[in-house]
Structures are given as C-alpha cells and as structure tokens.
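One structure is given below, encoded as structure tokens.
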Amino acid sequence: MLRSLGCFLCLWALRLPAPPAGSGAAARGLDVASYRERVRAMFYHAYEHYLESAFPYDELRPLTCDGQDTWGSFSLTLIDALDTLLILGNVSEFQRVVNVLQEGVDFDIDVNASVFETNIRVVGGLLSAHLLSKKAGVEVEAGWPCSGPLLRMAEEAARKLLPAFQTPTGMPYGTVNLLHGVNPGETPVTCTAGIGTFIVEFATLSHLTGDPVFEDVARKALKALWKNRSDIGLVGNHIDVITAKWVAQDAGIGAGVDSYFEYLVKGAILLQDKELMSMFLEYNKAIKNYTKFDDWYLWVQMYKGTVSMPVFQSLEAYWPGLQSLIGDVDNAMRTFLNYYTVWKQFGGLPEFYNIPQGYTVDKREGYPLRPELIESAMYLYRATRDPTLLELGRDAVESIEKISKVDCGFATIKDLRDHRLDNRMESFFLAETVKYLYLLFDPDNFIHNDGSVFDVVTTPYGECVLNAGGYVFNTEAHPIDPAALHCCRKRKEEQWEVEDLMREFYSLKKTKKFTLKRPSNHGEGESPKDPQDASSEKSGEKRNSKKNSHSLLSCPSQSFNSKLAVLGQVFLDNT
C-alpha cells in the first residue's frame, strides 16, 4: 500500500487520554465560542484595514492608516495572512488572494532582503498556501501537490536566497539582494537563528520539487552550527559565517537563537530524522544544566556557563510549546506559568524582563503583539486541556483589544507601562498571534484533525494521503502537511510499493500464465488492486479511516522512535 505514508497515519492514530469530566473551559465558565468569534473579528478588523489602507505594501501603519515596505516589498501581510483565512473558513477570500499574489508579486527586484525573514514568511507562507489550496477549493493543476503556481513562486523566492549559502562554512549571510545576490560589502556576521531556520521550508521544497539543493544547504548550515558548539554543548548568539568564529557568545533560548532549536525538533518530526532529534536532545541537556534556574532560562557565557544576562525575553515564550513536542509537559507547564505571571503583571510580555528585579529592562518595555506565549498555550492545551491555558487566551484577547486596537487595525505597544503605541502592525500578528488564538479556542478546526478524515490524491508518482492532520508549523505559524513530503518522490528506491508490485506482475506475465489470487484475509496489509480498479479511483476522494483502518492505518516498523501525536507531543519510546 502507501509505504511511505503508513508511518504518519500510525502516528496520527496515537491519542492522549481524554480529559476528566468537568475539566476544560466549562470548569471555569469561559465562553470559548464567544472568544473564538472575538478573535475572528480581530482578524478582520486588521486584515480589512490592511487591504484598504496599506496594500500592496508589506505592512499596515495603523496610527496613520497607510502602509510601508519592511522586509522586501512582497505584499508581505497578504502572504502571511493567507493560510489564516482558510483556518477561519474563508475560502472565497483565500481563492481571491491566490490570484492576486500570482499576478502581483515579483521577486526579480533590486531589494536587499533578510534571508531569514523571507524564508519563514514568504517561502513558508507560499508553501503552506500551496498545500492547502485544494482544501480551499482552488482548482489545482494536474500533478498537484508536486506542481502548482504557488509552489513555483515559493521555489523562485527560495532560489533568490541560495547565493547567501555560498560561504566556506555553508552558513548563510543574513541579507541577500534579490537581483544581484550577496552584496560585496555584506557583513559576514549572522545570528544563530538566521543560520539554523531553513530545514522545514527547504526540505519541503526539495521533496515537492525533486531538487535536493534546498534541503542540502539547510542541512549543511544546521550541521555547521552543531560542529561549532562549545565544549559544554552551547551555541552563541552571532557567528562569522566565513571564519566560524563566535562574535556574540551569549547562550540562551531566546532572540537570535530561538528558532534554531525549534527547527531541530520540527525538522525531526517533519522528516522523521533521528539525527536532528538527537542533536536537539543533546542541546537540551546543556540548556538545562547551564541556563535553567527555577523554571526560568537565563543567558550564560557559551564557553563557561556563567550567567551573563538574568533576563527573560518575550521571544523565549515559544519554549514551553517546544517542550510539549518532545513530551516534557510538566516542565513546560511550570515554565509557562512563570511567563504567564509576567503577562498578568503588564497585560503583555515586554521584550526584556529582569527576573531578579521583577520588572522591565530599559528601552525594552514594548510588546509588538508577539505570538509566542499564545503559541505555547495552544500546544499545551492540546496536550493537557488545562483551563489555565484558555485563561491566557482570554487575557490576550482582552489586553490586545483594550490597549492595541485603533481605528485602522492593531498597533504595536511601544511601552507596556503607560500603553503608548507605535505606528506598526507586524505581519506576524495575522500570521501567528491571531491564528494561534483562534486555534486555542477552536478545538474542531481541521488543523486539529486526528487522522479520522483525510483525502487521497493521485499524483504522477502514485496515491498519497493529505489533510489527515499532524501539521508542522514553521516559525511563522504556517502549517506544513508532513504527508505531502511523500507525494512527489522521484528516486527509484522511494517509489510506491504498489508500483513495484505491478512491475513485477507484468514482468512475470510475459513469461508465463498465472492467476493473481487475492487472499481472503490480508490482516494489516491491503489487497492488491487490478489496474482497472486503480485507474477508476477518483483523485482526491475523501475517505474515513475507520472504514479503511485495516489498510490505510497499517503500521510498519519505524527506525525513528520519536512518535508524533497530533495532540501535541512526541513520545520517546521504543514501542
């Protein structure tokens, strides 16, 4: 049957125990449906004002009701918001925006663009929208998901980034000119996250297009960081990509480092890659040994382990969600509750918070509507159903509406102490913050699919299963369907098992007559199909796995022992 996809369906079949009676929102009287609709209204208040006042610029300036280009002149907010539209159920606007992007976005422009930001926002957003297009009712071309206009756009954008990886170490420059490549005077100093945050998008591109160059450069960059970790197992904040010398030697889990660790875990899940997970688990030991104090994570000197900054950064709030993905839920909840106390103190997370003093750090008092604490709440709620996590969602809605909402959208909070605002609405507000809030309050969203419903599509390389759940979010909250990576394999050793069987069948048929009998009981496997039966099956037919569990949910033995459950954990066992 579908050899490559059996593993994913097995993993999706895993369940966490059902929450006890009386737990969840009802236990504390939180009206989940009401907050879900308020989040929807937040999205459209921001989105419609972006369209009216800022498009085609990258971002909305909500205090002056106009727009500005920030990361490269891509109509960035439109790309970033596209998959959120589908998660909110707006298929008609999704379809319209797909057409707008195809007609209006051009990457052949003389613009210096952040390699990191272009990857996570543009490449990631286009890949996610491409893989969700059929679900959104877009008329996809023959060969989808292995081809399509949004995939070609994502590939074009990613190719513009490839010159940045042409360094002696394989670690990329931080900025590239989309027309001319890396500028001659470009600084070779890049932050760790700017080097290690490509494997999710680039491996997806390689698997869908058949071109290994993207995954190859992403892996080389990841391994270069791993090779240059300190003797005590830590990485610093900034490194020279030419010499591999660390320029900033502060080690932690926050700004400048954060998504490197995130992509080791998510890359391991997406690719079923034991090496990536092993790398993260080794880092995790060092992080616990040297940076963790009373469920807070401090910044330390990467070679000595001595504390350099006793601060909590708002970007670190992704960490409890990441802990939940490796099954460390208890530690995740304790750290989350620490971060939640900071939110309650200010009505948001300041960029820097001095832990010993219990207050903000000078010139770091702002909150640009970041998603990380909400992201962790969403993951942890899927794993625990603890109503405290919904209360964070409630507090976030109330704070953002009270402090940040203005006539033309939602403004960055410049200072949480006096609620002064800044004239910017980052595209991640619609890509991440609103999305994670909505998913926290929408337990039945298709993103949370447990594998009981899925689509079977026919590609030039065989049948594959899509939309069964287990989505892996990139660091900009763009969901990638991991099963899609198995739809477009072109190498001989990765072809479908059914094709191998049929090839053998026809080879034998030329030499002698025989009858291919179908056993009466196939156990966990699926009976072979006649060629006529296979050709008559409709592409994209929706099936229920309960009716086909003996065939589509068979579980071959897996070499990778980290089992992904859609409910928010990777179970580390040998079962």
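The values are calculated or read from the model by the stated rules, or taken from the named source; none is laboratory data. Given the structure is predicted, the values throughout are model-derived calculations rather than measurements. Using ideal geometry, Cβ is built from the backbone for each residue, glycine included, and neighbour counts are taken over all protein chains shown. What goes into the accessible areas is simple: the full protein's heavy atoms, side chains included, and nothing from ligands, DNA or RNA. Shrake-Rupley method; radii C 1.70, N 1.55, O 1.52, S 1.80 Å.
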- Message: I need the shape label for the range 291-352. Rule: rounded when a/c is under 1.5, else prolate if a/b > b/c, else oblate, with a, b, c from the alpha carbon gyration tensor.
- Response: oblate
- Thr458 accessible area, nearest 10 Å², 1.4 Å probe? 70 Å²
- Query: If ligands, DNA and RNA are left out, what is the accessible area of Glu398 with a 1.4 Å probe, given in Å² to the nearest 10?
  - Reply: 70 Å²
- Message: Using only the heavy atoms of the protein chains and a 1.4 Å probe, how would Arg159, Arg370 rank by accessible area, largest first?
- Response: Arg159, Arg370
- On the full set of protein chains, 1.4 Å probe, figure out the accessible area of Ile87 and give it in Å² to the nearest 10. 10 Å²
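Given a Förster radius of 25 Å and the C-beta distance between Val453 and Arg152 as r, what FRET efficiency does 1/(1 + (r/R0)^6) yield to the nearest 0.05?
0.30
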- Task: Name the shape class, rounded, prolate or oblate, that the alpha-carbon gyration tensor gives for the range 245-354, where a ≥ b ≥ c are the square roots of its eigenvalues, rounded holds for a/c under 1.5, and otherwise prolate holds if a/b is larger than b/c and oblate otherwise.
- Result: oblate
- Task: First select every other residue whose beta carbon is under 15 angstrom from the beta carbon of Met171; then total the charges, Lys and Arg +1, Asp and Glu -1.
- Result: +3
- For Lys288, counting only aspartates and glutamates whose alpha-carbon sits under 13 Å away and dropping same-chain residues fewer than eight positions off, the answer is Asp328
- Message: Need one word for the range 109-226: rounded, prolate or oblate. Basis is the Cα gyration tensor (sqrt eigenvalues a ≥ b ≥ c); a/c below 1.5 gives rounded, then a/b vs b/c decides.
- Response: prolate
- Query: Considering only Cα-Cα distances, which of the following residue pairs are longer than 24 Å: Lys292/Lys344; Lys344/Lys405; Lys292/Lys402; Lys245/Lys274?
  - Reply: Lys292/Lys402; Lys245/Lys274
- Message: Heavy atoms only, 1.4 Å probe, whole protein assembly: order Asp106, Asp273, Asp80, Asp330 by accessible area, highest first.
- Response: Asp330, Asp106, Asp273, Asp80
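Considering just Cα atoms, how many Å³ per residue does the convex hull of the range 209-306 enclose? All intermediate terms of the calculation are to be shown ahead of the outcome.
Values: hull volume 10.2 nm³, N = 98.
Hull volume normalised by residue count: 104 Å³.
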- Added length on full extension, which subtracts the Cα-Cα distance from 0.36 nm per residue, Gln102 to Val406: 106.3 nm
- Query: In terms of solvent-accessible area of protein heavy atoms at a 1.4 angstrom probe, what is the ranking of Leu179, Leu421, Leu225, highest value first?
  - Reply: Leu179, Leu421, Leu225
- Item | Gain upon complete extension [Leu162, Asn354; 0.36 nm per residue less C-alpha separation] | 65.2 nm
